[in-house]
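Written out below as structure tokens is the structure these notes cover.
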Amino acid sequence: MSPYPDIPPIRPSETTDYIRCPKYWEYKHCQGWSAPPSAWEPQQLLGSAVHAGLAAYWRDKTGVLCEGSEAVKAVLDAGWPWDAPPEFSRDGSESLALKVLDKVLAWIGKEMSNAQPVMVEEPLGPDGHTTPDLVTDEDGVLTVTDWKTSWNLDADRVRYRLEGLDRPHQFLHYAWAVGERLGRPVQRIRKVVIVGSPRIIVRDATWTPTPVALEYWLTSARQLWEDMAKVRAGERVASMNTNGCKMYGDKYPCTYWDACWTCHGDEAQMAQFLVRETR
């Protein structure tokens with residue numbers, strides 16, 4: 001019998017990091033190590049702004065009065081640093097974000113015209129461990145939609161962002177959590193890739209998660225969550241997945257390459273390459 005029978009689900013992004021490499025997950029989520037901050041760029045903030053605009057649009061359809069353009073502006077106002085590099089224009093970034101939002105809304109009007117919102121960025125699970133971007137009812141088909149923004153992506157790379165839709169832990173977790181909350185199965189998962197430059201692109205891919213696939217996934221996920229709990233409790237060692245050290249090639253090694261291969265886990269040496277969050 002499992003010594004952790006009541007272990008709650010762990011958020012999808014964290015579990016995905018553990019699947020990538022248990023040691024990577026331990027450095028990042030348990031010990032608080034991260035790469036030193038780099039020069040600020042607005043791409044992440046722009047992605048958050050578009051997400052906020054989309055959430056406002058769907059909330060408005062549920063009767064919660066929201067304005068997408070105002071949501072975009074609010075995110076940029078809150079996140080734009082006073083000392084932002086001069087090459088980045090606050091007004092220009094807002095204009096781009098609004099253009100992208102308009103493009104996505106036009107796509108929604110064409111491709112999701114029958115969608116009625118059921119949940120918009122609603123935390124699920126006992127501790128709000130997972131938050132799907134959007135859950136809709138589309139002529140009786142319960143659908144989970146996830147928005148993925150990229151601000152510098154060539155058109156021929158978009159298909160790579162759409163591939164593997166049926167495999168990521170994140171989407172299966174969403175489907176399971178939504179089904180648990182609503183008491184009905186998710187019948188469609190939709191991933192929408194949104195590109196801001198060099199030209200605005202909106203493309204999607206869908207997949208049907210069968211009950212058998214979800215049950216098979218859940219058996220594996222529960223084992224992962226138990227393993228993660230044991231590492232946190234000091235009852236097992238986080239292993240290295242050496243296949244992930246340079247999964248994107250020699251030019252882009254893992255953030256913790258030096259932690260493993262130069263420092264061998266020595267925290268005093270790791271401080272030369274990484275910064276640690278104070279907890």
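What are the residues in the range 237-266 that are modelled with pLDDT under 95, of a type in the set (D, E, K, R) and over 22 Å from the mean Cα position of the chain (by Cα), if any?
250, 251
In the range 114-147, what residues are within 22 Å of residue 11 (Cβ to Cβ) and outside any strand (DSSP E or B)?
121, 122, 123, 125, 126, 127, 128, 129, 131, 132, 133
Looking at the range 80-97, is at least one residue without any contact (Cβ under 8 Å) to a residue 12 or more places away in the chain, closer than 30 Å to residue 172 by Cα and not aliphatic (A, V, I, L, M)?
Within the range 80-97 (the criterion being without any contact (Cβ under 8 Å) to a residue 12 or more places away in the chain, closer than 30 Å to residue 172 by Cα and not aliphatic (A, V, I, L, M)), the answer is no, since none of the residues qualifies.
Of all residues in the range 31-42 being among the hydrophobic types (A, V, I, L, M, F, W, C) and loosely packed, with under 13 Cβ neighbours inside 10 Å, which is farthest from the chain's Cα centre (by Cα)?
Top of the filtered list is 39.
Can you say whether residue 25 is closer than 26 Å to residue 255 by Cβ, surrounded by 15 or more Cβ atoms within 10 Å (Cβ to Cβ) and not small (Gly, Ala, Ser), as far as the supplied structure shows?
Considered against the rule, which asks whether it is closer than 26 Å to residue 255 by Cβ, surrounded by 15 or more Cβ atoms within 10 Å (Cβ to Cβ) and not small (Gly, Ala, Ser), residue 25 comes out as yes.
Residue 231 fails exactly one of the following numbered conditions: (1) closer than 30 Å to residue 151 by Cβ; (2) modelled with pLDDT of 95 or more. What is the number of that condition?
Every listed condition holds for residue 231 apart from (1).
If residue 237 meets every condition in (1) under 30 Å from residue 46 (Cα atoms); (2) assigned to a loop (DSSP other than H, G, I, E, B); (3) of a type in the set (A, V, I, L, M, F, W, C) apart from one, which number is that one?
(1)
Since residue 186 meets every condition but one in (1) at pLDDT below 95; (2) assigned to a loop (DSSP other than H, G, I, E, B), which condition does it not meet?
For residue 186, the exception is condition (1).
In the range 188-204, what residues are surrounded by fewer than 17 Cβ atoms within 10 Å (Cβ to Cβ) and either closer than 19 Å to residue 119 by Cα or in contact with a helix residue (DSSP H, G or I) (Cβ under 6 Å, 6 or more places away or on another chain) (or both)?
If the condition is that a residue be surrounded by fewer than 17 Cβ atoms within 10 Å (Cβ to Cβ) and either closer than 19 Å to residue 119 by Cα or in contact with a helix residue (DSSP H, G or I) (Cβ under 6 Å, 6 or more places away or on another chain) (or both), then 188, 200, 203 are the ones that fit.
Can you pull out every residue in the range 212-233 that is among the β-branched types (Val, Ile, Thr) and surrounded by 14 or more Cβ atoms within 10 Å (Cβ to Cβ)?
Passing the criteria: only 231.
Determine which single condition residue 269 fails, assuming it passes every other condition in (1) part of a helix (DSSP H, G or I); (2) touching a residue at least 24 places away in the same chain (Cβ under 8 Å); (3) in contact with a Ser or Thr (Cβ under 8 Å, 6 or more places away or on another chain).
So the condition that residue 269 fails would be (2).
Return the residues of the range 248-257 that are surrounded by 10 or more Cβ atoms within 10 Å (Cβ to Cβ), without any contact (Cβ under 8 Å) to a residue 60 or more places away in the chain and in a loop (DSSP other than H, G, I, E, B); say none if nothing qualifies.
252, 253
Residues of the range 57-106 being among the charged types (D, E, K, R) and either in a helix (DSSP H, G or I) or within 21 Å of the chain's Cα centre (by Cα) (or both), which ones?
Of everything in the range 57-106, those that are among the charged types (D, E, K, R) and either in a helix (DSSP H, G or I) or within 21 Å of the chain's Cα centre (by Cα) (or both) turn out to be 59, 60, 61, 70, 73, 77, 90, 91, 94, 99, 102, 103.
Filter the range 132-157 down to residues that are modelled with pLDDT under 95 and of a type in the set (S, T, N, Q) and give me whichever is nearest to residue 104 (Cα to Cα).
Residue satisfying both the conditions and the ranking: 149.
Could you check how many residues of the range 83-122 are of a type outside the set (D, E, K, R) and exposed (fewer than 12 other Cβ atoms within 10 Å of the Cβ)?
8
The values are calculated or read from the model by the stated rules, or taken from the named source; none is laboratory data. What you are looking at is a predicted structure, and each value in this text was computed from that prediction instead of being measured. Ideal geometry is used to build each Cβ from the backbone, glycine not excepted, and the neighbour counts take in all protein chains shown.
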